[in-house]
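Read the structure below first, then the notes.
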Amino acid sequence: MHSSGTSLRGVAYDLSNIESQAESYLGDVRGEAAKIIQQAKQEATKIRKQAEQAGRQTAEAAVEAILDKKVVQQMKTMTPALAKAVQQIEDSRLDWMRHWEKSAIQLATGIAAQIIRRELSQHPEIAIQWVQEALQLSAGAAEITVHLHPTDYETIGNQVE
């Protein structure tokens, strides 16, 4: 007994039991910590993938915007050049058409002249018919002068006068 009147009693502790409980508790804590670390790693991986995807989408959108802007700028410079090229092609086409129309007319005139000369050499009376048609067309004129080639005049001159 103590002087205060209280008594102390000896309590027996089994330290091996406390140690095994502490080891068991420490094992549980370590297991929970490992689970938390594993979940944190999984969450970090998920967040990293989401960030990569978001970054990729943002980068793709930025690249697309830059490309759109460049295309618009190039079209602004190319449109007048293309319009000018189209106009030049159209002008060239019209020049080509005029040239070939003129060439076709010259060819047709040359062919007609050869046919007329051949027909007149074979049928000189055709010239008289043409002179008559020309006179009928100019019937309202006060004075008419007909010019004939000397060879034609020799052939049909007496019939025209």
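Which of the residues spanning region 118-128 are part of a helix (DSSP H, G or I) and modelled with pLDDT under 85?
Listed by number, the residues that qualify are Leu120, Ser121, Glu125, Ile126, Ala127, Ile128.
Which of the residues belonging to region 66-97 are among the β-branched types (Val, Ile, Thr) and exposed (fewer than 10 other Cβ atoms within 10 Å of the Cβ)?
From region 66-97, those among the β-branched types (Val, Ile, Thr) are 66, 71-72, 77, 79, 86, 89; that's our starting set.
Val72, Thr77, listed by residue number.
Go over the candidates Ile116, Ile89 one by one and state the one that is of a type in the set (A, V, I, L, M, F, W, C) and closer than 30 Å to Asp152 by Cα.
Values: Ile89 fails: closer than 30 Å to Asp152 by Cα.
None of the other options fit; the residue is Ile116.
For every residue, the table says whether it meets (1) of a type outside the set (S, T, N, Q); (2) in a loop (DSSP other than H, G, I, E, B); (3) exposed (fewer than 10 other Cβ atoms within 10 Å of the Cβ); (4) touching a Lys or Arg at 6+ places or on another chain (Cβ under 7 Å).
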| site | (1), (2), (3), (4) |
| --- | --- |
| Ala104 | yes, no, no, no |
| Ile111 | yes, no, no, no |
| Ile116 | yes, no, no, no |
| Trp130 | yes, no, no, no |
| Leu135 | yes, no, no, no |
| Ala139 | yes, yes, yes, no |
| Ala142 | yes, yes, yes, no |
| Thr145 | no, yes, yes, no |
| Thr151 | no, no, no, no |
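The values are calculated or read from the model by the stated rules, or taken from the named source; none is laboratory data. These numbers were taken from a predicted model, which means no experiment stands behind them. All Cβ positions, glycine included, derive from the backbone under ideal geometry; neighbour counts span all protein chains shown.
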